[in-house]
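Chemist: Before we start, here is the structure in question, set down as structure tokens.
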Amino acid sequence: MGKELELNSVHKASMEVMVETLGATAWCAEILQARAAAASMRAQVGAVAALAAAADRCRDLVAITDDQQRILLTNKSWCRVVGWRPEDGPRPLAETVSGEALRLAASGVRDWEAPVLIRRRAAPDPVLLPCRGSAVSLNKSTSHIVFVCEPSNAIESERARSSLHSIRRGSLDVRSIASDGLRRTSLAKLQGLPLEAPITKVISLLSAATEGAPPSTVACIDRAVDMLRTSELYSPQMREDPKMRAEDPIATDLIGALLSQGATNVLSSRRSSNDSTVVRSQANRTNMKHKTTGQLREVLDTALNWDFEIFRLEDLTRGRPLTHLGLTLMGGRFDVCTTLECDEKTLLHWLTVIETNYHAVNTYHNSTHAADVLQAVAFFLEKDRLKMLLEPLEAAAALIAAAAHDIDHPGTSSAFLCNSRHSLAILYNDVSVLESHHAALTFKLTLNDDRVNIFKNLDRETYKTLRHNIIDMILATEMTKHFEHLAKFVNVFYAKSSGSKEDGMHTDEPLSLDTTALTSSENVVLVKRMMIKCADVSNASRPQKFAFEWARRIAEEYFLQTDEEKAKDLPVVMPMFDRATCSIPRSQIGFIDYIIIDMMEAWAAFIDMPELVTHARNNHQRWRELDEAGVTTIADVKRAQRQNAIQSTPNTTSQPTAEE
């Protein structure tokens with residue numbers, strides 16, 4: 001092309017010289033001058049072609065507009081990222097680019113640097129890139145705008161998918177010998193991975209929103225971005241508030257203990273709870289269901305009542321309530337055998353083995369507690385919203401998780417196991433120790449014996465789904481994750497106000513339930529977690545006589561742990577549960593205030609069960625009355641309850657209990 005241009009120029013010049021020039025010397029000078037001009041023009045054309053080729057091959061995204069702000073020319077990087085093809089022709093700049101960069105380009109500024117949001121054809125979310133721009137004027141007004149954008153992590157990830165060599169090449173950079181080179185090379189590798197978290201997109205969009213915003217808005221957004229950069233978005237921390245601790249030390253210490261995993265300190269001589277795990281034979285277990293007659297039958301007939309007599313069932317079954325209640329609910333009302341394609345005999349064997357591996361010596365975490373949680377889950381499953389929401393397999397998973405959620409509980413907390421360097425804490429790395437053990441042992445016992453394997457007839461995918469559901473729900477009972485699960489549930493299913501107490505923008509308007517989120521499977525998982533969590537701590541939302549008995553039992557178990565910690569010179573996880581100084585009413589008041597009320601209000605509105613909150617508030621009021629009356633110990637509580645029972649039924653003659 002350049003050669004033709006030169007020949008054409010010389011030919012044209014020759015014609016002009018022959019016509020206009022009189023002398024031969026002048027004619028030769030004109031010819032030489034024309035030839036030199038053509039050579040210079042050819043060099044310039046070549047330089048422009050080289051510049052275009054370089055721009056086309058560079059990593060930066062380059063786009064050039066015409067005088068009407070239409071994208072006229074782009075390089076390969078721009079085309080690959082945006083999805084724009086040269087054959088598509090010119091397109092308006094505003095269709096692809098937005099943000100501060102577009103505003104500056106339209107304002108006539110000659111040069112600028114600003115972030116730009118680029119919309120891509122194949123991706124729903126725009127990508128935020130740093131951009132340098134320049135306005136070029138070939139006449140009096142701006143004729144072209146040049147955009148040069150640096151590729152970000154998201155762009156590099158797309159390059160990584162198409163070329164593994166581009167990732168490996170960075171690791172051979174000689175600059176990696178220096179520390180700064182190592183850092184840059186490592187970052188390049190990370191940016192080259194085909195990974196991008198949704199939270200990084202959120203942070204990018206929020207950062208883009210600060211451009212041109214008022215200072216107050218920018219400050220709020222910056223603060224929100226700082227919070228989003230943390231890894232535990234829903235995990236709360238106890239506020240260091242001396243006033244709060246001084247006014248209510250029992251409540252704050254209790255919550256702090258529930259949220260604590262504990263630290264390792266002194267070696268414990270306590271035998272592993274796993275050592276006691278055995279599958280004991282039961283001679284008459286196949287005849288167990290035939291014994292549900294008379295009084296036992298009457299109690300089991302009320303298994304779906306919220307005032308179910310769980311302690312009467314415990315007495316009638318001689319401390320084996322889980323098997324009987326499990327057969328009634330799982331084998332009868334919910335027909336788990338059909339869902340799992342197993343026979344009732346296998347279910348009976350499974351319930352027997354699970355109950356055998358609960359520790360009857362525990363005052364609280366025993367098979368009666370497991371039966372109580374199973375009954376609460378079954379009651380919740382009967383609510384219309386959950387009936388419509390959960391499939392039979394999910395309901396079966398919830399009932400199985402409830403029955404086994406505390407299996408082989410040693411009667412001490414995970415924090416105690418960590419502090420004593422217990423074998424289970426070593427096995428599970430001090431993380432979710434008890435809950436991990438409960439879930440793992442459930443499947444170990446079930447799969448080890450065909451006679452108890454209620455999963456043996458399930459296909460691979462169904463078993464995988466069921467197993468995932470059971471494990472997820474058992475792990476959800478970990479109290480250290482209580483506020484995390486509650487916050488997620490509330491944030492998903494309830495409309496939120498536009499401010500917070502800390503910002504002075506909080507309103508006291510009640511939250512409104514939003515069920516549109518139930519279309520997402522991830523949100524259904526939150527419902528199942530909330531269901532078993534509420535069932536696990538439903539004691540305070542039961543009628544008063546049940547709530548008070550459970551409070552006595554849990555307090556005694558905590559007292560025993562504190563006694564053992566002191567005897568072995570271990571850190572005392574719950575110092576308020578010292579049997580010599582503890583106030584049972586105050587501990588329950590704090591538990592209801594900090595744990596129960598908010599959770600039960602959210603759950604009660606979701607399943608339309610207001611009595612959950614009513615019972616909790618009534619129990620809270622009664623505990624306050626006892627506290628004001630000077631009641632503190634377990635014996636005092638039992639005595640007050642006994643007097644209350646006598647007053648409510650004056651014609652009934654009551655005898656002292658063995659414990660009194």
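The values are calculated or read from the model by the stated rules, or taken from the named source; none is laboratory data. Predicted model only: the values in this text are computed from it and were never measured. Because the Cβ atoms are built from the backbone with ideal geometry, glycine has one as well, and the counts that use them run over all protein chains shown. Ligands, DNA and RNA are excluded from the accessible area calculation, which covers all protein heavy atoms including side chains. Shrake-Rupley method; radii C 1.70, N 1.55, O 1.52, S 1.80 Å.
Chemist: Taking Met388 and the conditions (1) at negative phi; (2) in contact with a Phe, Trp or Tyr (Cβ under 9 Å, 6 or more places away or on another chain), which numbered condition does it fall short on, given that it satisfies the others?
Modeler: (2)
Chemist: Which one of Asn491, Asn469 is assigned to a helix (DSSP H, G or I), closer than 17 Å to Glu394 by Cβ and not β-branched (Val, Ile, Thr)?
Modeler: Numbers: Asn491 fails: closer than 17 Å to Glu394 by Cβ.
Just a single option satisfies the conditions, and that option is Asn469.
Chemist: Scan the range 472-488 and tell me whether some residue there is under 26 Å from Met599 (Cβ atoms), out of contact with any helix residue (DSSP H, G or I) (no Cβ under 8 Å at 6 or more places or on another chain), open to solvent by less than 50 Å² (accessible area, probe 1.4 Å) and among the small types (Gly, Ala, Ser).
Modeler: yes
Chemist: Another question, then. Which of (1) at pLDDT below 95; (2) part of a helix (DSSP H, G or I); (3) open to solvent by 30 Å² or more (accessible area, probe 1.4 Å) does Asp508 not meet, given it meets every other one?
Modeler: (2)
Chemist: Moving on to the next point. Name the residues in the range 514-530 that are modelled with pLDDT of 85 or more and charged (D, E, K, R), would you?
Modeler: Scanning the range 514-530 gives Glu522, Lys528, Arg529.
Chemist: Identify the residue in the range 52-76 that is in contact with a helix residue (DSSP H, G or I) (Cβ under 8 Å, 6 or more places away or on another chain) and touching a residue at least 40 places away in the same chain (Cβ under 8 Å) and, among all such residues, is farthest from Arg91 (Cα to Cα).
Modeler: The residue in question is Arg59.
Chemist: Take the range 401-414 and flag every residue that is more than 23 Å from the chain's Cα centre (by Cα) and not charged (D, E, K, R).
Modeler: Scanning the range 401-414 gives Ala403, Ala404, Ile407, His409, Pro410, Gly411, Thr412, Ser413.
Chemist: What pairs come up if the first residue lies in the range 107-121 and is part of a strand (DSSP E or B), the second is open to solvent by 70 Å² or more (accessible area, probe 1.4 Å) and at pLDDT 80 or above, and their beta carbons are under 6 Å apart, counting only those six or more places apart or on different chains?
Modeler: Once the first residue is part of a strand (DSSP E or B) and sits in the range 107-121, its partners that are open to solvent by 70 Å² or more (accessible area, probe 1.4 Å) and at pLDDT 80 or above give Glu113/Arg132.
Chemist: In the range 94-111, how many are within 19 Å of Pro151 (Cα to Cα) and open to solvent by less than 20 Å² (accessible area, probe 1.4 Å)?
Modeler: Going residue by residue through the range 94-111, those that are within 19 Å of Pro151 (Cα to Cα) are 96-102.
With open to solvent by less than 20 Å² (accessible area, probe 1.4 Å) added as a condition, the list becomes 96-97, 101.
Going through the range 94-111 one residue at a time, the tally reaches 3.
Condition check ((1) at pLDDT 80 or above; (2) farther than 30 Å from Ala213 by Cβ; (3) open to solvent by less than 30 Å² (accessible area, probe 1.4 Å); (4) of a type in the set (Phe, Trp, Tyr)) across all residues:
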residue: Ala36; (1), (2), (3), (4): no, yes, no, no
residue: Ser40; (1), (2), (3), (4): no, yes, no, no
residue: Gln44; (1), (2), (3), (4): no, yes, no, no
residue: Ala54; (1), (2), (3), (4): yes, yes, no, no
residue: Leu61; (1), (2), (3), (4): yes, no, yes, no
residue: Asp67; (1), (2), (3), (4): yes, yes, no, no
residue: Asn75; (1), (2), (3), (4): yes, yes, yes, no
residue: Arg120; (1), (2), (3), (4): no, no, no, no
residue: Pro124; (1), (2), (3), (4): no, no, no, no
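Chemist: Do we find a residue being under 30 Å from Arg622 (Cα atoms) and either modelled with pLDDT of 95 or more or among the aromatic types (Phe, Trp, Tyr) (or both) anywhere in the range 483-492?
Modeler: Quick first cut of the range 483-492, residues under 30 Å from Arg622 (Cα atoms) only: 483-487, 489-490.
Imposing the further condition that a residue be either modelled with pLDDT of 95 or more or among the aromatic types (Phe, Trp, Tyr) (or both) reduces the set to 483, 489.
Yes - at least one qualifying residue is present in the range 483-492.
Chemist: Quick check, is Asn448 within 22 Å of Thr480 (Cβ to Cβ) and in contact (Cβ under 8 Å) with a residue 12 or more places away in the chain?
Modeler: On the way: within 22 Å of Thr480 (Cβ to Cβ): no; in contact (Cβ under 8 Å) with a residue 12 or more places away in the chain: yes.
Answer is no for this residue.
Chemist: Still on this structure, please answer the following. Can you tell me which residue among Ala605, Ala616 is under 32 Å from the mean Cα position of the chain (by Cα) and at pLDDT 95 or above?
Modeler: On the way: Ala605 fails: at pLDDT 95 or above.
When all the criteria are applied, what remains is Ala616.
Chemist: Also, quick follow-up: When you go through Val452, Val431 one by one, which is the residue that is touching a Phe, Trp or Tyr at 6+ places or on another chain (Cβ under 9 Å), among the hydrophobic types (A, V, I, L, M, F, W, C) and not in a helix (DSSP H, G or I)?
Modeler: Working: Val431 fails: touching a Phe, Trp or Tyr at 6+ places or on another chain (Cβ under 9 Å).
Criteria check complete, one pass: Val452.
Chemist: Considering only residues that are over 44 Å from the mean Cα position of the chain (by Cα) and of a type in the set (D, E, K, R), which ones fall in the range 56-69? Explain how you work it out, then say what you get.
Modeler: So the first thing to find is which residues in the range 56-69 are over 44 Å from the mean Cα position of the chain (by Cα), and the list is 65-69.
Within the range 56-69, Asp66, Asp67 meet the criteria.
Chemist: Given the conditions (1) open to solvent by 40 Å² or more (accessible area, probe 1.4 Å); (2) under 25 Å from Met530 (Cα atoms); (3) not β-branched (Val, Ile, Thr), which single one is not true for Leu386?
Modeler: (1)
Chemist: Further question: Can you pull out every residue in the range 547-580 that is open to solvent by less than 30 Å² (accessible area, probe 1.4 Å), out of contact with any His (no Cβ under 9 Å at 6 or more places or on another chain) and touching a residue at least 24 places away in the same chain (Cβ under 8 Å)?
Modeler: Passing the criteria: Phe548, Ala551, Ala555, Gln561, Glu565, Leu570, Val573, Met574, Met576.
Chemist: May I ask you to list pairs of residues, at least six apart or on different chains, whose Cβ atoms are under 9 Å apart, with the first in the range 210-235 being farther than 22 Å from Val116 by Cα and modelled with pLDDT of 70 or more and the second being assigned to a helix (DSSP H, G or I) and of a type outside the set (Gly, Ala, Ser)?
Modeler: The qualifying pairs do not exist here.
Chemist: Might you check whether a residue that is modelled with pLDDT under 90 and open to solvent by 20 Å² or more (accessible area, probe 1.4 Å) occurs anywhere in the range 594-601?
Modeler: yes
Chemist: Another one. Can you name the number of the only condition in (1) without any contact (Cβ under 8 Å) to a residue 60 or more places away in the chain; (2) open to solvent by 20 Å² or more (accessible area, probe 1.4 Å); (3) farther than 23 Å from Tyr558 by Cα that Leu313 fails?
Modeler: Going through (1) without any contact (Cβ under 8 Å) to a residue 60 or more places away in the chain; (2) open to solvent by 20 Å² or more (accessible area, probe 1.4 Å); (3) farther than 23 Å from Tyr558 by Cα one by one, Leu313 breaks only (2).
Chemist: Give me a count of the residues in the range 349-364 that are crowded, with 21+ Cβ neighbours inside 10 Å and within 17 Å of Phe311 (Cα to Cα).
Modeler: Total satisfying the criteria: 2.
Chemist: Would the range 320-336 turn up any residue that is open to solvent by 10 Å² or more (accessible area, probe 1.4 Å), more than 33 Å from the chain's Cα centre (by Cα) and in contact (Cβ under 8 Å) with a residue 60 or more places away in the chain?
Modeler: no
Chemist: When both residues are 6+ apart or on different chains and their Cβ atoms are under 8 Å apart, which pairs have a first residue that lies in the range 412-424 and is farther than 18 Å from Tyr358 by Cα and open to solvent by 20 Å² or more (accessible area, probe 1.4 Å), and a second that is modelled with pLDDT under 95 and not β-branched (Val, Ile, Thr)?
Modeler: So the pair list comes out as Arg421/Asn265; Arg421/Leu267; Arg421/Ser268; Ser423/Ser272; Ser423/Asn274.
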